[in-house]
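One structure is given here, and the rest of the page talks about it.
The values are calculated or read from the model by the stated rules, or taken from the named source; none is laboratory data. All figures in this text were calculated on a predicted structure; none of them were measured in a lab. Backbone-built Cβ (ideal geometry, glycine too); neighbour counts: all protein chains shown.
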Amino acid sequence: MYRQHTLHSLRRHADRIRGQRAVVGFDGFVDLIVTPVGLRCAQGEDFTPIGTMTDFGQRIAAAAGMSTNIELYPRLEKLGGNGPIMANALLAAGSDVTYIGALGHPQVHPVFADMARRARTVSLSAAAHTTAIEFADGKLMLGTMRSLDEITYARICEAMGEDAFVTELAGAGLVALVNWTMIPNMTAIFIALVERVLPRLPASAGRIFFFDLADPEKRAADDLRAALAAIARFEPFGRVTLGLNLKEAHQVSAALGCTATADGEAGLRAMAAEIRARLAIATVVVHPRESAACATAEGTWWVPGPYTPQPLITTGAGDHFNAGFTTGQLIGLEPEACLAVGVCTSGHYVRTGESPSLAGLETFLANWR
């Protein structure tokens with residue numbers, strides 16, 4: 001039933017995407033997607049991969065006290081980072097995007113060239129790098145990200161001018177600030193925005209502030225709580241949405257002292273609702289691989305996802321969900337329909353490796369089996 005309702009709403013409101021502006025930042029990665037080789041038979045792709053993270057871990061553990069060599073077979077080099085992947089998906093859906101982040105220095109890295117042709121871009125530093133080892137049951141992201149230390153509020157103002165930055169934010173219906181975990185100065189940027197920039201913007205109750213923490217496991221609980229408190233301070237200036245995958249939702253629940261931790265439909269609804277109430281923000285979304293739930297002041301919603309056990313690509317699936325959900329918000333869809341657009345945007349991407357247009361989403365929704 002929700003699929004038909006979403007399809008009807010999407011067809012009715014898709015034209016609203018025209019002229020919608022989004023500002024996204026601030027990370028930027030060059031992603032190398034690789035497959036770990038278990039047994040090589042001949043050159044090239046003639047090998048048996050290490051299929052699961054468990055098998056990979058056992059291979060490493062067996063070499064403790066000695067050494068081992070694991071070949072990583074390159075599949076694809078592509079633009080990466082939560083921000084660029086989300087921005088690319090927003091562009092595909094039809095939004096007008098400004099991207100501010102670590103895109104390369106002194107020149108924009110070639111993996112971002114296509115995005116730079118279609119969006120307004122401001123590069124703050126050299127790009128970081130990730131080697132994404134993909135398995136049937138997950139992925140291992142190995143990052144080199146020292147360049148992200150250079151991303152500060154002062155650097156943003158230096159790169160584009162504070163007045164220009166304010167102007168970009170003033171014209172945006174969506175401001176997406178992602179990858180808090182890997183940008184050490186992100187909480188300070190949040191505070192600078194709340195104290196120095198947002199009071200200068202024209203009032204807009206409809207402006208959406210979207211946040212994605214990006215796996216805060218390596219950050220201290222006090223740092224996470226400080227970031228969440230800073231995120232909550234955006235609420236008087238618009239509508240705050242906090243997007244969490246399942247692991248992140250458990251981490252945030254623990255940091256806030258929440259009681260809801262179950263992973264089924266009822267548990268996801270309860271977890272989203274309790275986090276939203278603790279932070280006093282408009283929306284919290286929790287999206288495991290198989291479904292998604294969200295909570296607002298009006299209630300909670302849940303939809304199953306078009307899960308596939310054999311995805312073409314998984315790196316960037318969550319960022320595509322985020323782009324789909326916020327696209328739904330931008331065009332005025334109800335929360336349940338935003339969830340459906342989110343899971344279908346992600347579902348389309350993991351099957352094809354491509355970010356869908358709204359027309360492509362309509363086709364996917366209509367034919368999803």
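General remarks:
- Among residues of the range 275-296 that are closer than 18 Å to T345 by Cα and surrounded by fewer than 21 Cβ atoms within 10 Å (Cβ to Cβ), those with a beta-carbon under 9 Å from a residue that is of a type in the set (F, W, Y) and modelled with pLDDT of 95 or more at least six positions away or on a different chain give the pairs S291/W302.
- Scanning the range 143-195 for residues that are on the phi > 0 side of the Ramachandran plot and polar (S, T, N, Q) gives a single hit, N179.
- Taken over the range 114-127, the criterion of being part of a strand (DSSP E or B), surrounded by 18 or more Cβ atoms within 10 Å (Cβ to Cβ) and in contact with a strand residue (DSSP E or B) (Cβ under 6 Å, 6 or more places away or on another chain) is satisfied by T121, V122.
- Residue check, V37 among the aliphatic types (A, V, I, L, M) and out of contact with any Pro (no Cβ under 7 Å at 6 or more places or on another chain): no
- Subset of the range 218-256 (residues that are under 19 Å from T296 (Cα atoms), assigned to a loop (DSSP other than H, G, I, E, B) and over 17 Å from the mean Cα position of the chain (by Cα)): R233, F234, G238
- Among residues of the range 19-48, those that are in contact (Cβ under 8 Å) with a residue 40 or more places away in the chain and surrounded by 13 or more Cβ atoms within 10 Å (Cβ to Cβ), counted: 17
- Flag for S123 being under 13 Å from F29 (Cα atoms) and in contact with a His (Cβ under 7 Å, 6 or more places away or on another chain): yes
- Any hit, the range 69-88, residues being closer than 19 Å to L142 by Cα, free of Cβ contacts under 8 Å to residues at least 12 places away in the same chain and more than 29 Å from the chain's Cα centre (by Cα): yes
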